[in-house]
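**Q** Before I ask anything, let me first share the structure, which is written out below as C-alpha cells.
The values are calculated or read from the model by the stated rules, or taken from the named source; none is laboratory data. Worth saying up front: this structure is predicted, and the values here are computed from it rather than measured. Quick reminder, even Gly has a Cβ in these numbers, built from the backbone with ideal geometry, and neighbours come from all protein chains shown.
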Amino acid sequence: MTAQNDRAAPRKARNPRLSRKLRVAAMAAPVIVLLTVFLIYPVGQLLLLSIHNQSGFTMAEYKRLFASSVYVEVLWVTMKISLLTTFFSVLVGYPVAYLISAATRERKNRLLYWVLLSFWTSFLVRTFAWVVLLGRNGVLNWVLKHLGLVDSPLGLLYNLPAVIVGMTHALMPIAIMTMLSVMENIDRRLPSAASTLGARPGMAFWKVYFPLSLPGVFASALMVFVTAIGFFITPTLLGGRHETMITQLIIDQVLQALNWGFAGAISVLLLAVVLVVFVVYDRMVGLSTMTGGSSAARGPQKSDGVLHRLGNALLTLLANATDALIALLPKRKKRAGDGNGMTLRTVVTLILVFLSAPAFLMIPLSFDSASGLAWPPHGVSLQWYQQVMDSPLWMQAATRSLVVGVGTGVLSMAIGTPAAFLLVRGGLRWNATMLAFVLAPIVVPRMILAVGVFYFFAKIGLVGSSL
C-alpha cells in the first residue's frame with residue numbers, strides 16, 4: 001500500500017502541469033484550426049497557382065506581371081491611395097479620439113455612438129451616399145447652384161479626391177477606435193504636471209501627451225493602410241479609370257478571365273508589399289500596439305540619434321506654433337492642459353457630422369417617388385419599401401444577411417474569446433507568435449483572403465451557400 005502511494009505521488013504532482021497544457025490546447029485549438037483551414041490553406045493554394053500549372057513549375061505569370069508597366073502603375077496608384085487615406089484618416093480622427101478619451105462617461109458614450117453609427121453602416125451604403133453627395137445632380141452641386149456660386153454642375157465624381165474622401169470616410173472609425181484604446185491608458189495628470197512646471201498648453205501636449213499616444217497612431221495607421229490596400233467598392237464606384245486599384249485587377253482575372261494563376265501572381269505582389277510594411281512596423285513599435293499595448297523597444301536606442309533630434313525639433317516647432325495660435329485666440333478662462341475647449345469640441349462636432357451625415361442622407365432618398373440617386377427628392381412614396389416586401393428575392397437576401405451576420409458574430413465570439421484570454425492571461429512563452437498568428441487575417445488583404453477562400457469553397461461545393 002505504501003509503495004502504491006509513493007508511485008501515485010509523482011503522478012499527482014504532474015497532473016496540474018498536464019491539466020494546464022490541456023487547457024491551453026483547448027483554448028488555442030479553435031482559432032488555430034479556423035485559421036489553418038480557412039486562411040493558410042486557401043491562400044497557400046492561391047499562391048501555389050501562381051507558380052504551378054498543368055505543365056509543372058513555371059514563372060510565366062510573374063514574367064507577364066512585370067513585362068508590362070500597367071501593373072506596376074496600378075500598384076503605385078494603390079499605394080498612393082492607401083497612404084493618402086491613411087494620412088487623412090489618422091489626422092482627422094486624432095482629435096475625435098483625443099476628445100472621447102478625455103470626456104466623462106456619459107459624454108463618452110454619446111460621442112462613441114456617432115462614431116460607431118458610421119462604423120456599423122455598410123461600406124456600400126456609405127459609398128452610394130457619396131455618389132448622391134458628389135454627383136452632377138447631387139447635394140453639393142445643388143447647394144452650390146442655389147447659392148449662385150456655379151452656373152453648371154461641377155465634376156466632383158470619378159476622380160482621385162472623390163476616392164480619398166470616400167475611403168477616408170469609410171476607414172476613419174477604425175483609426176479612431178484604435179487610437180482610443182491607447183489614449184484611454186495615458187495618465188492625464190502628466191500634461192497637467194508639465195503645465196505646473198511652466199510648460200504652455202501646446203508644449204505640454206506635443207512634448208508630453210503626443211509621444212505617449214504614438215503607439216496608437218502607428219497602430220491605427222497600420223490598420224487603415226492594410227484595409228485600404230485591399231479596398232475595391234469605393235474606388236470602383238467613386239473613381240475613374242485612372243484610380244484603378246490592384247484588387248480590381250484580381251477580381252477581373254478571377255471573374256472575367258478565369259485566370260487563377262495570374263490572379264495568384266498579383267496577390268503575391270500585393271501580399272509581399274503588406275508583409276514588408278508589417279515587418280517594418282514590428283521592428284519599429286511591435287505588434288502588441290495593435291491590441292492597445294505599449295510600444296516595445298527594438299534593439300539599442302540612441303537618444304542622440306539623428307532621427308531622435310529631428311523628431312524632437314519637429315515637436316518643438318509644432319508646440320511653439322500651437323502656443324502662438326492659442327495666444328491669438330480671445331482670452332478666456334481655461335485650465336492648463338485642458339483639451340476640451342470650445343475649439344476642439346467644434347472641430348470634433350464637424351468631423352462627426354462628416355461621419356454620420358451620409359448615412360442619414362439615404363433615408364429621405366428611400367422615400368423618393370422617383371428613381372435614381374438625385375437630389376432633392378421629387379416626392380414622398382412608400383413604393384420602394386413595398387417592392388422590397390413583395391419581392392421574394394429581397395426578403396430571402398435580408399433573411400440570409402441576418403443569419404450570416406448572427407452566425408458570424410456567435411462563432412467569432414466563441415472562437416475568439418478563449419484565444420483572447422489565452423493571450424492576456426496565459427503567460428505563454430510563445431505569446432508573440434500566437435498574437436502574430438491571430439492577427440494574420442489582418443495582415444492578408446481581404447481580397448486575397450476572399451479569392452483564396454472562394455477557390456477553396458468552389459472545390460468542396462460551398463460557393464453560394466449560407467454556410
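**Q** Which of (1) in contact with a His (Cβ under 7 Å, 6 or more places away or on another chain); (2) surrounded by fewer than 18 Cβ atoms within 10 Å (Cβ to Cβ) does SER69 not meet, given it meets every other one?
**A** For SER69, the failing item is (1).
For every residue, the table says whether it meets (1) surrounded by 14 or more Cβ atoms within 10 Å (Cβ to Cβ); (2) farther than 30 Å from ALA420 by Cβ; (3) in contact with an Asp or Glu (Cβ under 6 Å, 6 or more places away or on another chain).
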| residue | (1), (2), (3) |
| --- | --- |
| MET27 | yes, no, no |
| ILE32 | yes, no, no |
| VAL43 | yes, no, no |
| ILE81 | yes, yes, no |
| TYR94 | yes, no, no |
| SER101 | yes, no, yes |
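**Q** (1) over 30 Å from MET59 (Cβ atoms); (2) modelled with pLDDT of 65 or more: which one isn't true of ILE250, the others all being true?
**A** So the condition that ILE250 fails would be (1).
**Q** Which of the residues that make up the stretch 163-190 are of a type in the set (Val, Ile, Thr) and more than 30 Å from THR244 (Cα to Cα)? First the steps, then the outcome.
**A** Taking the stretch 163-190 as the starting set, the residues that turn out to be of a type in the set (Val, Ile, Thr) are 163-165, 168, 174, 176, 178, 182, 186.
VAL182, ILE186, listed by residue number.
**Q** For the stretch 418-444, how many residues are in a loop (DSSP other than H, G, I, E, B) and of a type in the set (S, T, N, Q)?
**A** Within the stretch 418-444, residues that are in a loop (DSSP other than H, G, I, E, B) and of a type in the set (S, T, N, Q) number 0.
**Q** While we're on this one: Please go through the stretch 126-181 and give me each residue that is farther than 18 Å from PRO235 by Cβ and under 16 Å from the mean Cα position of the chain (by Cα), ordered by number.
**A** Across the stretch 126-181, the qualifying residues are PRO173, ALA175, ILE176, MET177, THR178, MET179, LEU180, SER181.
For every residue, the table says whether it meets (1) within 19 Å of MET167 (Cβ to Cβ); (2) touching a residue at least 12 places away in the same chain (Cβ under 8 Å).
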{"position": "ALA103", "(1), (2)": "no, yes"}
{"position": "TYR113", "(1), (2)": "no, no"}
{"position": "SER118", "(1), (2)": "yes, yes"}
{"position": "THR121", "(1), (2)": "yes, yes"}
{"position": "ARG126", "(1), (2)": "yes, yes"}
{"position": "GLY135", "(1), (2)": "yes, yes"}
{"position": "LEU140", "(1), (2)": "yes, yes"}
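Per-residue answers, yes or no, for (1) touching a residue at least 12 places away in the same chain (Cβ under 8 Å); (2) surrounded by 12 or more Cβ atoms within 10 Å (Cβ to Cβ); (3) touching a Gly at 6+ places or on another chain (Cβ under 9 Å); (4) more than 27 Å from GLN248 (Cβ to Cβ):
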residue	(1), (2), (3), (4)
ALA398	no, yes, no, yes
ALA420	no, yes, no, yes
ARG425	no, no, no, yes
VAL444	yes, yes, yes, no
SER465	no, no, no, no
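**Q** Follow-up question, since we're still on this one. Contact list please: Cβ distance under 9 Å, first residue in the stretch 23-46 and farther than 18 Å from ILE442 by Cα, second residue surrounded by fewer than 16 Cβ atoms within 10 Å (Cβ to Cβ) and aromatic (Phe, Trp, Tyr), pairs at least six apart or on different chains.
**A** MET27/PHE421
**Q** Follow-up. Could we say that VAL410 is within 24 Å of LEU46 (Cβ to Cβ) and more than 18 Å from the chain's Cα centre (by Cα) here?
**A** On the way: within 24 Å of LEU46 (Cβ to Cβ): no; more than 18 Å from the chain's Cα centre (by Cα): yes.
No; evaluated as a whole, the condition is false for this residue.
**Q** With LEU180, LEU134, LEU156, LEU144 as the choices, which residue is closer than 22 Å to LEU222 by Cα and either touching a Pro at 6+ places or on another chain (Cβ under 8 Å) or at pLDDT 85 or above (or both)? First the steps, then the outcome.
**A** On the way: LEU134 fails: closer than 22 Å to LEU222 by Cα; LEU156 fails: closer than 22 Å to LEU222 by Cα; LEU144 fails: closer than 22 Å to LEU222 by Cα.
Going through LEU180, LEU134, LEU156, LEU144 in turn, the sole match is LEU180.
**Q** Something else: Are any of the residues in the stretch 331-345 modelled with pLDDT of 85 or more, more than 26 Å from the chain's Cα centre (by Cα) and among the hydrophobic types (A, V, I, L, M, F, W, C)?
**A** No, the conditions are met nowhere in the stretch 331-345.
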